[in-house]
């Protein structure tokens, strides 16, 4: 390779890398948002996001331009989170979920003083802290899927690729995770005076 | 809500999450929408689900600190 063409190659490389890094950084708010709910504290989330970007920038050549950068980044994030040896989980509560999908609404409506209220008013009875706690209390396998689909807006098939699980497993964990979330919100919203 | 074996509201309830996730076939979407158009009971619950998703998303959101943002920028490869 002539000096000129190798210089040109280097310049192209540098330009591609800069573009890659900038595009990845543009997604950092989303990455942090999910990371924050994957782990228990802000500090851990910040470490996890820094590790994610350090690894992403190191292995930028393994990203295929034109494919889904967001999914690629989130795959690094979720893998690193698993590698960090997340806390040993109490075995997921596998008792059958009797509650239907409409359970939370029915419960809130039933305990409402003004009969059949407006749906927006019903949601207002839920507390932000309860939602954070309910999400944190989900078994991690369920939480991972709920976070990717409900927070990061990934499709079922992207979530399946990111977590390396079949799409049917995504659907069942998502379904179950959401019901668990609703179940604990229903409990906390209706037990308060 | 009737006690028939194939209660359309039960069916609608089962379709609600994939419907909201836009993970149904066109025919299923049509079926769900046809039912929702005519059923106030399910429509209320549909609207609640939409509100609920927005609520959860906002409730658990926590912005990243400017310090972390700066640290991430510092991880870029120096030119």
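The values are calculated or read from the model by the stated rules, or taken from the named source; none is laboratory data. Computed from a predicted structure; not experimentally measured. Heads up, the Cβs are rebuilt from the backbone with ideal geometry, glycines too, and the neighbour counts pull from every protein chain shown.
Tabulated results
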{"quantity": "Cβ-Cβ under 8 Å pairs, at least 6 apart or on other chains, the stretch A:16-29 side at the interface with chain B (Cβ under 10 Å from one of its Cβ atoms) and touching a residue at least 12 places away in the same chain (Cβ under 8 Å), far side loosely packed, with under 14 Cβ neighbours inside 10 Å and part of a helix (DSSP H, G or I)", "calculated": "A:25/B:73"}
{"quantity": "Helices (runs of 4 or more DSSP H) fully within the stretch B:25-79 counting 2 or more residues that are surrounded by 11 or more Cβ atoms within 10 Å (Cβ to Cβ) and facing another protein chain (nearest Cβ under 7 Å)", "calculated": "B:40-59, B:66-74"}
{"quantity": "Filtered residues of the stretch A:129-141 (kept if surrounded by fewer than 21 Cβ atoms within 10 Å (Cβ to Cβ), closer than 23 Å to residue A:102 by Cβ and within 9 Å of another protein chain (Cβ to nearest Cβ))", "calculated": "A:130"}
{"quantity": "Among (1) modelled with pLDDT of 95 or more; (2) surrounded by fewer than 17 Cβ atoms within 10 Å (Cβ to Cβ) - the single one residue A:61 does not satisfy", "calculated": "(1)"}
{"quantity": "In the stretch B:3-24, the residues that are more than 17 Å from residue A:119 (Cβ to Cβ) and in a helix (DSSP H, G or I)", "calculated": "B:8, B:10, B:11, B:14, B:15, B:18"}
